[in-house]
Amino acid sequence: MKFKAMTAIAALLFAPAAFAGGADDDTLVVNGDIEMTTKAPAPAHLDGALDEIISGWHFRSDETQQLQTDDFENQGMIFVDQAMDIWNTAEGSEGKACADCHDDPADSMTGVAATYPKWNEDAGEVRTVQMQVNDCRVNRMGADAWKYDATDAISMEAMIASHSRGMPVNVAIDGPAAEAWEKGKEIYYTRYGQLELACASCHEENYGNYIRADHLSQGHINGFPTYRLKNAKLNGAHSRFKGCIRDTRAETFSPGSDEFIALELYVKSRGNGLSVEGPSVRN
Amino acid sequence: MASGVKPRVKAPKKASAGEVVTIKTLISHKMESGQRKDSSGNVIPRSIINRFTCDFNGQNVVDVVLAPAISTNPYFEFEATIPEAGDLKFTWYDDDGDVYEETKSVAVG
């Protein structure tokens, strides 16, 4: 009992530190202009799992958070710049650039990141932004497809996402996409690896707690692609999934696999209502 | 030339005479330290930005020596007093001899 009482006192003394891993109450405004919704009521399909959905931005330190408030300091924007050069460069046998069909991405790509992954009727599959870009590259430009989450592909995805910043994530989970969504949900709640951890074990049951020295977020992907300070480059959602499953000591799926496409759709739908933040900055 | 190098500068377009303004610069550069080895064990040669300067109308504002431990995409934020209208000239010196330049004009009024 004495030990318990001591622990309680210690918990009180160190209360601010003990809860430093939780979500803070800051507000995110980018460039003094784009107001982000970083906390929102959970979408209906999360009934019983989460009451409120919280952007991963809230779980980061003030210094890291600040980097995302200004495009000049957000190093993810370096890659957005590079993608703009690619956008305007003709490639492949047709001699076309992205810009030849889609003009200015500030107009043509607005809202794209908010609704992908999305069912493609002609192809009869759920497509991510990168798959759609590759479809254009192969079939319209006659160029080589990019490898999934390769530097150019992820930069292009970030550039496209940047034109949807501030818009609420709203991916469709009914109709023809429902099958993939169910598959993604099953993966989300399946325990993998020697550590027997499911996505939900950390990001649903333990968000706000520490995982070693880091804070667990709810694992939304509204901020992807994400510039991570730890590797100083953009990171794709599929690469992040791979890293998480690897950390459970399991054999992982590959970026671009059907499993990860389904998981991307499901995880993105958990963030329905949060603002698109990509490219965001995380540690 | 190292690939993907692009200098960026954020400086005010206008200032009042004698005003102290904040200037931010960022250059995308991989800053290879010379300490790492590739997959076959060979040392990857050092390739960094080794010097950065800023001048205002020919007068030096900052002159920085950069060392190999500085991270990728080096960022500088500093203040400068703007006595009169003129040009801020920024220069980055690469190990391989390349020099990257950027100029920003500041009006006084």
| How about region A:158-221: which chymotrypsin sites (Phe, Trp or Tyr not before Pro) there are in a DSSP loop, with at most 15 other Cβ atoms within 10 Å of their Cβ? | A:Y189
| Over chain A, what relative contact order in percent results from Cα pairs under 8 Å that are six or more residues apart? | 27 percent
| Can you give the calculated 222 nm mean residue ellipticity of chain A, where each DSSP H run of n ≥ 4 adds -39,500 (n - 2.57) and the sum is split over every residue, rounded to the nearest 500 deg cm²/dmol? | -10000 deg cm²/dmol
| request: Calculate, axis by axis, the spread of Cα positions in region B:18-87 along the three principal axes, and write the results as whole Å, longest axis first. | output: 56, 18, 15
| note | Taking every C-alpha to C-alpha distance in region A:151-271 and binning by 5 Å from 0, the per-bin percentages run 2, 11, 18, 25, 22, 15, 6, 1, 0
| task | Please report how many Lys pairs in region B:13-109 have alpha carbons closer than 25 angstrom, counting only residues at least 8 apart along the chain or sitting on separate chains. | result | 11
| query | Taking amide hydrogens as modeled 1.01 Å from N in the peptide plane, which residues meet the under 5 Å criterion relative to B:E19, leaving out close sequence neighbours? | reply | B:I82
| For region A:171-179, Karplus couplings with θ = phi - 60° (6.51, -1.76, 1.60), whole Hz, Gly/Pro x | 8, 7, 10, 9, x, x, 7, 4, 5
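Please list, by residue number, every one of the GluC sites (Glu not before Pro) in region B:1-98 that is coil in DSSP and has at most 12 other beta-carbon atoms within 10 Å.
Answer in residue order: B:E84.
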| Which residue, A:H45, A:H215, A:H203, tops the fluctuation ranking in a GNM of chain A built on C-alpha contacts under 10 Å? | A:H45
| task | Determine Rg/Rh for the protein assembly as shown; Rg is computed over alpha-carbon atoms and Rh is the Kirkwood hydrodynamic estimate from the same atoms. | result | 1.01
| said: Compute, for chain A, the length of the dipole vector about the Cα centre, with Cβ point charges of +1 (Lys, Arg) and -1 (Asp, Glu) only. Units Debye, rounded to 20. | reply: 1240 debye
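Take the Cα gyration tensor of region A:213-283, multiply each eigenvalue by 5, square-root it, and list the three semi-axes largest first, rounded to whole angstrom.
They are 18, 16, 12 Å, listed from largest to smallest.
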| task | Write out the chymotrypsin sites (Phe, Trp or Tyr not before Pro) in region B:7-109 meeting two conditions: DSSP loop, and at most 13 other Cβ atoms within 10 Å of their Cβ. | result | none
| remark: In chain B the DSSP beta bridges are antiparallel at a rate, in percent to nearest 5, of 95 percent
| remark: Residue by residue through region B:43-54, the couplings from Karplus 6.51 cos²θ - 1.76 cosθ + 1.60 with θ = phi - 60°, in Hz, x for Gly and Pro, are 5, 7, x, 4, 8, 10, 7, 9, 7, 9, 10, 9
| Where Rh denotes the Kirkwood radius from the mean inverse Cα pair distance, what is Rg over Rh for region A:22-76? | 1.05
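Quick note: the coordinates plus some simple rules give every number you see, no bench work behind them. All of these numbers come straight from a predicted model, not from anything done at the bench. Ideal geometry is used to build each Cβ from the backbone, glycine not excepted, and the neighbour counts take in all protein chains shown.
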